[in-house]
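No lab work stands behind these numbers, since they all come straight from the coordinates. Treat the numbers as computed from the prediction; the structure is a model and nothing was measured. As a convention, Cβ positions derive from the backbone with ideal geometry for all residues, glycine included, and neighbour counts pool all protein chains shown.
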């Protein structure tokens with residue numbers, strides 16, 4: 001029996017594997033499973049996992065609506081999704097080495113950009129870490145410099161950058 005490969009909607013049963021991937025890819029930015037579970041509950045349409053041919057997860061995306069120009073604090077619960085915001089926030093995109101180099105990251109970014117545009121959002125935003133700004137620039141994101149944001153980004157590390165992409169009709 002063959003298993004489905006590629007990106008699919010995340011389920012609660014995926015959370016242990018998602019946490020294991022996060023521990024490998026983002027060890028300097030730990031977040032509790034409750035944070036991922038809440039994002040999945042509040043914005044399931046923004047949460048996806050990358051499954052390999054063997055069924056093992058090789059990556060994930062957690063994303064949700066969030067006001068442009070602001071960043072949710074690391075390892076914090078949101079309580080609820082803000083209503084009426086025009087921005088879609090990419091909270092975390094992580095791929096294990098086995099999931100990299102295949103175009104999978106670009107595929108899910110394009111898919112979430114389509115979803116955001118179709119649901120009335122006009123921009124995407126994220127915090128780039130782990131020297132990923134080059135990847136995000138290739139996806140159409142640009143760095144946004146704001147002294148208020150710079151202070152928040154310092155809690156990540158010196159290389160963290162807030163980036164935004166406008167969605168064209």
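In the P(r) worked out for segment 76-169, what percent of Cα pairs fall beyond 20 Å? Roughly 41 percent, once rounded to a whole number. Relative to the longest principal axis of the Cα atoms of the chain, helix 104-118 runs at roughly 60 degrees.
Can you give me the Cα centroid spacing of segment 79-124 and segment 127-167 in angstrom? Using only Cα atoms to place each centre, the spacing works out to 15 Å. Length gained on full extension, residue 75 to residue 138, computed as 0.36 nm times the residue gap minus the Cα-Cα distance: 19.9 nm. Note on segment 84-138: Cα convex hull, mean projected area over all directions, 4.0 nm². With contacts taken as Cα pairs under 8 Å at a separation of at least 6 residues, segment 1-71 carries a relative contact order of 40 percent.
The long axis of helix 33-42 is offset from the longest Cα principal axis of the chain by roughly 80 degrees. For the chain, the longest principal axis of the C-alpha atoms and the axis of helix 15-25 are separated by about 60°. For segment 1-61, the Kirkwood hydrodynamic radius from C-alpha pairs, put into Stokes-Einstein at 4 °C and a viscosity of 1.567 mPa s, yields a diffusion coefficient of 109 µm² per second. Look at the alpha carbon pairs under 8 Å that are at least 6 residues apart: their mean separation over the length of the chain gives a relative contact order of 19 percent. Between residue 111 and residue 32, the modelled label-to-label distance comes to 3.0 nm, taking each label 7 Å out from Cα in the direction of the beta carbon.
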